[in-house]
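Structure, as structure tokens:
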Amino acid sequence: MTESLTPIPLTAAPAEAVLDGLDAEQRQAAATLTGPLCILAGAGTGKTRAITHRIAYGVRTGTYDPHRVLAVTFTARAAAEMRSRLTGLGAPGVQARTFHAAALRQLQYFWPLTVGGTLPQLVDHKVKILGEAARRLRLTTDRASLRDFASEIEWAKVSTLTPEGYLARAASRPEPAGVQHQAFAKLYQAYEDLKQDRHLMDFEDVLLFTVAMLESDERVAAQVRQQYRHFVVDEYQDVSPLQQRLLDLWLGGREELCVVGDAAQTIYSFTGATPDYLLNFRRRFPQAEVVKLVRDYRSTPQVVKLANVLLADRKPGGSAPWAEPLQLISQRQAGPTPQITQHADDDAEAAWIAAQITDLRDAGMPLSEMAVLYRTNGQSQAFEQALASAGISYQLRGSERFFSRREVREAMAALRTSSLVNEQEPVPDSVRAVLSSLGWSRDAPTSTGAVRERWESLAALVALADQLAAERENFSLRDFLAELDERSAAQHAPTVEGVTLASLHSAKGLEWDAVFLAGLCEGLMPITFAKEQQEIDEERRLFYVGITRARTHLFLSSASARHSGGRGKRTPSRFLIPLRKELGLEPAARQIAPSSGRTNPNNSKRKRAVSCLGCGEVLVKGAEVGRRRCANCPPRYEEAVFEQLRQWRLDYAKELEVPAFMVFSDATLEVIAEKLPSTDEELLEIPGIGEKKLQVHGQRLKDALSELGESSSVSSR
Ligand code: ATP
Ligand code: MG
């Protein structure tokens with residue numbers, strides 16, 4: 001391997017260098033390389049950072065053989081993130097996988113040796129087979145019922161319950177789709193039988209089969225245990241009894257286990273996961289080291305405050321993990337006030353979000369630092385459409401399956417053919433030429449759906465070619481293909497320079513500078529089917545996960561109606577009530593009249609949607625657009641004062657060489673224009689101005705305000 005192909009910056013530095021950049025508690029965790037270890041801490045406190053540094057430290061001190069470490073997490077995205085952090089720290093070669101992926105690999109390897117024959121084929125969806133089973137038993141087969149059956153079977157399987165076992169535990173569970181437990185247990189059995197007859201397996205079977213294999217075959221167990229010595233589990237609050245059993249089998253009585261988690265982020269209980277294993281870790285391993293982290297390095301005090309308020313507002317007397325949520329303490333400088341807005345309908349909400357994203361981008365924030373998160377995948381369409389219309393690229397699908405996409409496989413095949421004949425041209429040029437024939441073009445298509453997704457994938461390959469060609473000397477098309485093969489083997493997708501669109505569940509563990517939490521209305525957040533208190537609690541935790549993804553900018557939005565021109569029947573999420581109060585906002589209007597006759601903002605490609613500074617609704621009437629306020633939200637300050645302040649902010653921001661919104665947000669400026677504060681105490685009362693802002697900008701603002709007072713009559717107010 002040549003020098004230029006070794007992208008590891010730290011290898012020459014002493015191993016201790018890996019511990020730099022950790023605080024005392026994180027360092028304690030990272031330096032505890034052997035024995036059971038539990039890191040119990042809130043969002044953004046550096047749990048993942050501590051364990052990745054711990055692994056790297058272990059590898060670089062020679063305590064760990066990188067190939068003998070297995071790091072497990074719950075989403076493929078998080079696993080990819082961990083792999084790239086480890087490579088960056090000079091510890092490549094460590095396996096970072098989801099439970100599922102790790103188990104599937106072992107199953108694929110050992111099945112032919114133990115069971116013999118081919119591994120059953122994996123089915124993505126249970127509904128089809130379940131439909132057949134239900135028909136045979138003359139049970140209801142409508143889609144909604146089938147989905148309920150599927151979730152109940154998933155719960156039973158991850159709880160390691162057979163159909164009989166299920167019956168013994170079923171009394172405490174509601175009847176799935178109104179079907180008696182006895183009949184459901186029969187359905188569960190019929191489903192299992194059908195699946196087996198057809199040589200198929202479902203998602204849970206992957207873990208169940210692996211468990212069975214390790215339990216029944218000592219040689220396999222010994223071989224797996226020989227392979228892996230050190231185990232690390234991130235997001236341990238979401239482990240299911242089935243995953244725990246697998247983990248125990250991997251450990252085989254050894255204690256080289258490090259777990260990390262936050263009970264307040266438990267968001268998979270509906271699938272049978274439980275934070276009990278995390279919270280009772282000490283009971284199981286009495287000699288375990290337990291490290292607690294409280295400093296939040298990710299988010300601004302403004303974001304952290306809302307996260308704390310959301311948890312504090314939970315109903316007391318709920319389930320165990322709620323006993324005492326950790327209060328996060330932000331380590332970051334003050335940032336902009338989070339915004340809560342309400343829009344007429346889904347399209348208007350999406351257009352508003354696209355407009356904010358455009359503003360942030362124009363102010364210099366990379367698109368890859370922004371994310372729009374929603375409760376259900378079905379919500380993504382409106383955002384895809386709005387972003388496409390605004391010419392903003394986005395990344396919709398999880399990064400995990402990038403190399404399985406058809407267009408990517410086709411592109412790699414075409415590049416391979418081309419590499420045989422073409423070695424002269426610079427790599428980026430060859431890649432562009434080859435991919436053009438497959439549907440890549442310089443500008444993104446404005447359509448959504450398959451064409452757009454295809455383009456996004458190809459554009460990601462082009463961007464990767466550009467990046468690598470810039471980084472490496474004598475970079476050839478063959479090198480590029482070798483890199484793609486390597487990444488494909490590691491399922492490591494190139495980062496697409498685009499906004500991330502993702503469900504809240506899949507955003508766990510990740511972070512962005514700007515986060516939009518969209519569709520925050522009753523029915524979506526909490527979701528309609530959350531009825532019991534503990535289900536509502538889980539929705540609250542999911543919302544908490546969402547808020548704590550934001551580093552600096554946080555936007556919380558909802559829409560009153562689904563369709564343009566529809567009746568505004570939706571109510572904003574109950575979880576927003578304490579947050580509005582915290583931000584000093586009036587309680588939300590229950591309904592906003594739909595804006596009649598409004599043209600669909602998606603049709604006018606370049607036209608930026610302007611929304612009301614008061615409620616965030618997209619404005620259509622000329623006068624309202626000019627004032628940036630709807631008729632329901634008259635300004636409470638003098639327009640001229642606000643304008644002068646805006647001008648001052650612009651000049652001042654230029655002087656500081658920062659985007660204007662980094663000084664004060666529009667919302668903060670409005671309140672300043674309204675209250676015209678003159679003392680530090682008064683300034684601190686303004687949302688968006690904390691000690692830090694006061695210290696940095698306070699004097700200049702006061703000067704500007706007093707100048708303003710002298711030049712007009714406003715001082716008399
Ligand atoms: P989550 O609960 O959401 O998974 P986490 O506890 O795993 O969060 P990390 O993702 O490890 O938190 O860290 C959050 C952010 O804070 C990251 O950007 C990380 O680099 C940064 N960070 C963590 N610890 C420190 C530190 N000691 N100094 C500077 N930055 C830090
Ligand atoms: Mg984490």
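Quick one: is THR63 within 20 Å of GLN243 (Cα to Cα), among the hydroxyl-bearing types (Ser, Thr, Tyr) and assigned by TED's automatic domain parsing to the domain that holds GLN223? No, not satisfied.
Of all residues in segment 185-204, those that are in a helix (DSSP H, G or I) have Cβ atoms under 6 Å from Cβ atoms of residues that are surrounded by 16 or more Cβ atoms within 10 Å (Cβ to Cβ) and aromatic (Phe, Trp, Tyr), 6 or more apart or on another chain, in ALA185/TYR166.
Being of a type in the set (Ser, Thr, Tyr), away from ligand 2 (no atom under 16 Å from the Cβ) and modelled with pLDDT of 90 or more, is that true of even one residue in segment 549-556? Yes: one or more hits.
When segment 509-532 is limited to residues that are in contact with a His (Cβ under 9 Å, 6 or more places away or on another chain) and under 22 Å from ALA559 (Cα atoms), the one that is farthest from ligand 1 (Cβ to nearest atom) turns out to be PHE516.
Condition check: closer than 20 Å to PHE543 by Cα and either within 16 Å of ligand 1 (Cβ to nearest atom) or charged (D, E, K, R) (or both). Does ASP296 satisfy that? So ASP296 passes the test. Would you say LEU40 is more than 15 Å from ligand 2 (Cβ to nearest atom), outside the structural domain of ASN308 (by TED's automatic domain parsing) and of a type outside the set (Lys, Arg)? Considered against the rule, which asks whether it is more than 15 Å from ligand 2 (Cβ to nearest atom), outside the structural domain of ASN308 (by TED's automatic domain parsing) and of a type outside the set (Lys, Arg), LEU40 comes out as no.
Scanning segment 574-581 turns up no residue that is part of a strand (DSSP E or B), under 26 Å from ALA363 (Cβ atoms) and modelled with pLDDT of 90 or more. Cβ-Cβ contacts under 7 Å between residues 6 or more apart (or on different chains), taken from a first residue in segment 32-61 that is farther than 15 Å from GLY93 by Cα to a second residue that is acidic (Asp, Glu) and more than 8 Å from ligand 1 (Cβ to nearest atom), are listed as THR32/GLU289; THR34/GLU256; GLY35/GLU255; GLY35/GLU289; PRO36/GLU255; LEU37/GLU289.
Scanning segment 323-347 for residues that are out of contact with any helix residue (DSSP H, G or I) (no Cβ under 8 Å at 6 or more places or on another chain) and either in the same structural domain as ILE689 (by TED's automatic domain parsing) or in a loop (DSSP other than H, G, I, E, B) (or both) yields ALA323, GLU324, GLN331. Do the conditions hold for THR160, that is, is it farther than 21 Å from ALA79 by Cα and of a type in the set (Ser, Thr, Tyr)? So THR160 passes the test.
Of the helices (runs of 4 or more DSSP H) that lie entirely inside segment 392-485, those containing 3 or more residues that are at pLDDT below 75 span 450-471.
Residue-by-condition table, conditions (1) closer than 25 Å to GLY46 by Cβ; (2) more than 16 Å from ligand 1 (Cβ to nearest atom):
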{"position": "GLU204", "(1), (2)": "no, yes"}
{"position": "LEU208", "(1), (2)": "no, yes"}
{"position": "VAL220", "(1), (2)": "no, yes"}
{"position": "VAL233", "(1), (2)": "yes, no"}
{"position": "ASP238", "(1), (2)": "yes, no"}
{"position": "GLY261", "(1), (2)": "yes, no"}
{"position": "TYR277", "(1), (2)": "yes, yes"}
{"position": "PHE281", "(1), (2)": "yes, yes"}
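For beta carbons closer than 8 Å, sequence separation of 6+ or different chains, a first residue in segment 132-151 that is within 15 Å of LEU194 (Cβ to Cβ) and a second that is at pLDDT 90 or above and part of a loop (DSSP other than H, G, I, E, B), the qualifying pairs are LEU139/VAL179; PHE149/VAL179. Can we say LEU214 is in contact with a strand residue (DSSP E or B) (Cβ under 9 Å, 6 or more places away or on another chain), more than 16 Å from ligand 1 (Cβ to nearest atom), part of a helix (DSSP H, G or I) and under 30 Å from CYS258 (Cβ atoms)? It is false that LEU214 is in contact with a strand residue (DSSP E or B) (Cβ under 9 Å, 6 or more places away or on another chain), more than 16 Å from ligand 1 (Cβ to nearest atom), part of a helix (DSSP H, G or I) and under 30 Å from CYS258 (Cβ atoms).
Listed conditions (1) more than 16 Å from ligand 2 (Cβ to nearest atom); (2) modelled with pLDDT of 95 or more are all met by SER240, apart from (2). Can you pull out the residues in segment 77-124 that are aromatic (Phe, Trp, Tyr) and crowded, with 17+ Cβ neighbours inside 10 Å? Correct list: PHE99, PHE110, TRP111. Residue count for segment 665-695 satisfying the condition of being without any contact (Cβ under 8 Å) to a residue 40 or more places away in the chain and either among the β-branched types (Val, Ile, Thr) or surrounded by fewer than 19 Cβ atoms within 10 Å (Cβ to Cβ) (or both): 14.
Within segment 245-287, the set of residues being closer than 24 Å to TYR544 by Cβ and over 29 Å from the mean Cα position of the chain (by Cα) is empty. Here is the figure for segment 252-281: residues that are assigned to a helix (DSSP H, G or I) and either in contact with a strand residue (DSSP E or B) (Cβ under 6 Å, 6 or more places away or on another chain) or modelled with pLDDT under 90 (or both) total 5. A single entry from ARG83, ARG169, ARG136 fulfils the requirement of being in contact with a helix residue (DSSP H, G or I) (Cβ under 8 Å, 6 or more places away or on another chain) and among the basic types (Lys, Arg): ARG136. The combined condition, being more than 28 Å from GLY509 (Cα to Cα) and in the same structural domain as HIS67 (by TED's automatic domain parsing), is fulfilled by ALA221.
Filtering segment 348-374 to residues that are in a helix (DSSP H, G or I) and either buried (at least 24 other Cβ atoms within 10 Å of the Cβ) or not assigned by TED's automatic domain parsing to the domain that holds LEU310 (or both) leaves ALA348, GLU349, ALA350, ALA351, TRP352, ILE353, ALA354, ILE357. Within the bounds of segment 207-216, is there any residue that is crowded, with 19+ Cβ neighbours inside 10 Å, within 24 Å of VAL115 (Cβ to Cβ) and within 25 Å of the chain's Cα centre (by Cα)? Yes, segment 207-216 contains a residue that is crowded, with 19+ Cβ neighbours inside 10 Å, within 24 Å of VAL115 (Cβ to Cβ) and within 25 Å of the chain's Cα centre (by Cα). State whether the residues of segment 262-279 include one that is away from ligand 2 (no atom under 16 Å from the Cβ), hydroxyl-bearing (Ser, Thr, Tyr) and assigned by TED's automatic domain parsing to the domain that holds GLN339. Scanning segment 262-279, I find no residue that is away from ligand 2 (no atom under 16 Å from the Cβ), hydroxyl-bearing (Ser, Thr, Tyr) and assigned by TED's automatic domain parsing to the domain that holds GLN339, so the answer is no. For ARG361, the test of being among the basic types (Lys, Arg) and farther than 17 Å from VAL663 by Cβ is passed.
The values are calculated or read from the model by the stated rules, or taken from the named source; none is laboratory data. Since this is a predicted model, take the numbers as computed values, not measurements. We place every Cβ from the backbone using ideal geometry, glycine too, and count neighbours over all the protein chains shown.
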